[in-house]
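Accompanying notes for the structure given below.
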Amino acid sequence: MDDGDIDPLQKRAFYNRMKHRALLAEWYGPAFASREISAYGSKARPVGDFLGDVTKPVFSAETDAQMRLAQNWQDVVGPALSAMCSPGTLEEGILTLEIRHSAYRKELEGAFDLILALTNRYLGENRCHEIRLAAANRRIRKSKTILS
């Protein structure tokens, strides 16, 4: 393993823990040194601090935009429109809205310009240029099989 890949602060913290463990092993004995070293551990970090670095190679910019849009949909379009639909996919600038009921279709078609403007204001860079409607995912009804 190349030492150039290791963060110098992490390396120093590791060696400090090893020194503390050795001292605690002399004082408490080897059986209790590991338990006592927990008091000298680093503080917990929020997962969000390093999750972005982990997921960056996996998710595209559109996937990131799609996830942010889904999380903040009510803030983006407001409570009235968010009650009728939710964002589905965002692929190649086409936003697919999942409508909760077919009765909302006409009202949403009249609000396409507004939804486009609000979405682009939130995402920036005119990422969305077209909106399509799709029925929201419905539960698949399975017939019950009665076993004798």
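The values are calculated or read from the model by the stated rules, or taken from the named source; none is laboratory data. Keep in mind that what you see is a predicted model, and the values were worked out from it rather than measured. Glycine gets a Cβ as well: all are built from the backbone with ideal geometry, and neighbour counts include every protein chain shown.
Residues that are of a type in the set (S, T, N, Q) and touching a helix residue (DSSP H, G or I) at 6+ places or on another chain (Cβ under 8 Å) within region 63-110 comprise 72, 74, 82, 86, 89, listed in sequence order. Within region 74-97, restricting attention to residues that are assigned to a helix (DSSP H, G or I) and either under 19 Å from the mean Cα position of the chain (by Cα) or of a type in the set (Lys, Arg) (or both), the residue that is nearest to residue 116 (Cα to Cα) is 76. All conditions in (1) within 30 Å of residue 131 (Cβ to Cβ); (2) at pLDDT 70 or above; (3) assigned to a helix (DSSP H, G or I) hold for residue 12, with the sole exception of (1).
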